[in-house]
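Accompanying notes for the structure given below.
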Amino acid sequence: AVDKVALQVVTDGEWLYYIDVSDNSSIHRCRPDGSEDSQISSDSASWLTVTSDGKIKYATGYEANMTSNSYTINPDGSNKVDNNEIILDIFPIPEITGSDGRIYYVQHESDTVEYSGLYVRDEGQSPEEGTQILRDR
C-alpha cells in the first residue's frame, strides 16, 4: 500500500483517480493495485468525476453552501480547460464499482479499521473486509 490521504476516488475502468489530501488536495491517479501512482494536477481539488468522454472533471475552492470553479483535464493531466461554470453543490461519491466488478472506496480509521485510506472489496463483502490499496500517512 502507498501512504496517502484520499478524499474521493473515481475510475475510468483502467485508472483510479483520487484527491490526495496529503499532497495539498492535488489530483492523482494509480492502477487498481496501487501501482503507478502519480500526480496529474497540482490544483487543490474538492471534487472529481470521470466524464462520459473519459476526461477528468473537477472542482476547486468548494466550501459548504458556497460555489467552486470547474475544470476538465485529460486522464494524464494535460489540456486543462476552464469549463466556465460554477458548481453550486457537491456530493462526493462514497464508493464506485470498477470495470473489474470490485468496489473501490475511501475508509477512515475507526474501531474496526486500523488505517484510513483507499480500499477495494468484492460484491457482498462489508467495507471492513476490504483490502487497503492506498494508506493514509
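The values are calculated or read from the model by the stated rules, or taken from the named source; none is laboratory data. Remember, it's a predicted structure, so these values are computed and weren't measured experimentally. Counting neighbours? That spans all protein chains shown, and the Cβs are built from the backbone with ideal geometry, glycine included. Heads up: the accessible areas ignore ligands, DNA and RNA and are worked out on the full protein's heavy atoms, side chains in. Shrake-Rupley method; radii C 1.70, N 1.55, O 1.52, S 1.80 Å.
Just to verify a number: what accessible area does SER78 come out at with the full protein assembly present, 1.4 Å probe, Å² rounded to tens?
Rounded to the nearest 10, that gives 50 Å².
Pop the C-beta distance of GLU123 and ASN84 into the FRET formula with R0 = 35 Å and round what comes out to the nearest 0.05.
With a Förster radius of 35 Å, E is 0.35.
Based on the mean of other beta carbon atoms within 10 Å per residue, what is the order of 50-56, 129-135, most packed first?
Top of the packing list down: 129-135, 50-56.
What percentage of the solvent-accessible surface of segment 4-52, computed with a 1.4 Å probe over protein heavy atoms, is contributed by carbon and sulfur atoms?
Roughly 41 percent of what the probe reaches on segment 4-52 is carbon or sulfur.
With a 1.4 Å probe and all protein chains kept in place, how much accessible area does TYR18 have, in Å² rounded to the nearest 10?
Estimated to the nearest 10 Å², TYR18 gives 0 Å².
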